Amino acid sequence: METKSNNNEVLCEREQSISTFGRFTDHPGYRRMFAPNKLTIGIFLPIKFYTGHMEDLKDQADIVEMIDQRNFATVWVRDVPLFDPSFGDAGQVFDPFVYLAYLSARTKHVSLATGSSIFTLRHPLDLAKSASSIDVLSGGRLVLGIASGDRAIEFPAYGIDANQRDVRFRETVEFFRNLIRDQRPSIQSSLGQVKAGEMLPKPTIGDIPLIVTGSSRQSLDWIAEHSDGWLTYPEATADLSGPQRLSEKINAWREKIPGGIFKPHMTNEWIDLVEDADYPRTPLRGGYILRTGRKGLIQLLKEWQAIGVNHAALGIQFSSRPPAEVIQELAEEVLPFFPSHAGPNPLYTRW
């Protein structure tokens, strides 16, 4: 009788999980990051900015291993095909898919996310092949943040009309999903035609979460219907005014989600976490960076959680302290308030 009761409890939990998480119930990366009314923490790469020398990125993967071991939810990598010196930010330099493949071999549990893959600049077949490969190699840990791009020099380099990137973005999403979901896809698109053949490997659970970044030049209705989550900028973070505005944005989006199903919201902030735990939340560079002690950061994260943010991606590139020291403090003093979720373990990875 006890065994039957336990089995019934497992079945009930499974049914509740399916109703909440939909097609991503068994996706290890998605489930580690997201749950209703809860917030988890991830770390944005690079740990240090590229300043003209590859030595700037030395030992970054060792820090990523530390992030994994300390039980953070996610590491995020950026997608910057061409460095524009006038833009002033080269991202983490490495191709996001190549680098995530490398990091997947260096880690065991942490989710691997792009923030964000520029879907307008690459063919959906190449995107699907790379993303599915990483998802399988990592045991289902890939969460794909996607965007339409905002660096002007990249579009002519790819021979793409920047003014049409809203249309290309939508077409790429549709093409991508047909490739990874269907055994024998039949696709007619301005981006190409698929009449026979199958894209391999298929993702671990047959799908990959697509998280739309910003507006990506799409309507709120489109994002609510076609995304698997939404990543937006945080508004001001030094006081309650920003979280209040962010709350309005999140509520307006969630009201448009068909069927009222759960879809996660994410935001991010670049922080300079100082040693003084009581140091007040202080905006730097016009609010682009937040300098704070850990108590101020915890309060901000609690404010975000209260308004429906489900994941916070923190960048520490501007930190005045050594990266390992910041990660250690976050792990010991902040992460216990916002633990990563227990979910499916990464699937078979002994490739």
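Bear in mind these aren't lab numbers, they're just calculated from the coordinates by the rules spelled out. On a predicted model such as this, the values are computed, not experimentally measured, just so you know. Reconstructed Cβ throughout: ideal geometry from the backbone, glycine too, with neighbour counts over all protein chains shown.
Amide H contacts of residue 274: 292, 293, each under 5 Å away and 5 or more positions distant or on a separate chain (H built 1.01 Å from N in the peptide plane; Pro and chain starts excluded).
Computing Rg and the Kirkwood Rh from the Cα coordinates of segment 41-90 gives a ratio, Rg/Rh, of 1.02. At the listed q of 0.20, 0.24 Å⁻¹, the Debye profile of segment 168-223, built from one uniform point per Cα, gives log10 I(q)/I(0) equal to -0.81, -1.00. Taking a ≥ b ≥ c as the square roots of the Cα gyration tensor eigenvalues, the chain comes out rounded, since a/c falls below 1.5. Eigen-decomposition of the gyration tensor built on the alpha-carbon atoms of segment 214-261 gives equivalent ellipsoid semi-axes of 22, 12, 7 angstrom, largest listed first.
Which of the trypsin sites (Lys or Arg not before Pro) found in segment 173-236 are loop residues per DSSP with 13 or fewer other Cβ atoms within 10 Å of their Cβ? Here the trypsin sites (Lys or Arg not before Pro) that fit, given the DSSP loop and packing criteria, are 195.
For segment 65-188, the convex hull drawn through the C-alpha positions has a volume of 106 cubic angstrom per residue. Dipole check for the chain: with +1 at the C-beta of Lys and Arg, -1 at the C-beta of Asp and Glu, and the Cα centre as origin, the magnitude is about 720 Debye. Using the Cβ-Cβ distance between residue 125 and residue 86 with R0 = 35 Å, the FRET efficiency computed as 1/(1 + (r/R0)^6) comes to roughly 0.60. Restricting attention to the chain, lysine pairs at least eight places apart or on different chains and with alpha-carbon atoms under 18 angstrom apart total 8. In a fully extended conformation the segment linking residue 195 and residue 235 would gain 9.9 nm over its present Cα-Cα distance, using 0.36 nm per residue. Of all beta bridges that DSSP places with both ends in segment 28-337, some 15 percent have antiparallel geometry. The fraction of all Cα pairs in segment 160-309 landing in successive 5 Å bins from 0 to the largest distance is 2, 8, 15, 14, 14, 13, 11, 9, 7, 4, 2, 1, 0, given as whole percents.
A dipole drawn for the chain from +1 and -1 charges on Cβ atoms has a positive end, and of 260, 301, 69 the residue lying farthest that way is 260. Think of segment 28-337 as having a plus end and a minus end, set by charges on the Cβ of Lys, Arg, Asp and Glu; of 231, 82, 196, 196 sits farthest toward the positive end of this dipole. At q = 0.16, 0.18, 0.21 Å⁻¹ the log10 of I(q)/I(0) for segment 254-348 amounts to -0.75, -0.89, -1.09, computed by Debye summation with a single uniform scatterer per C-alpha, solvent ignored.
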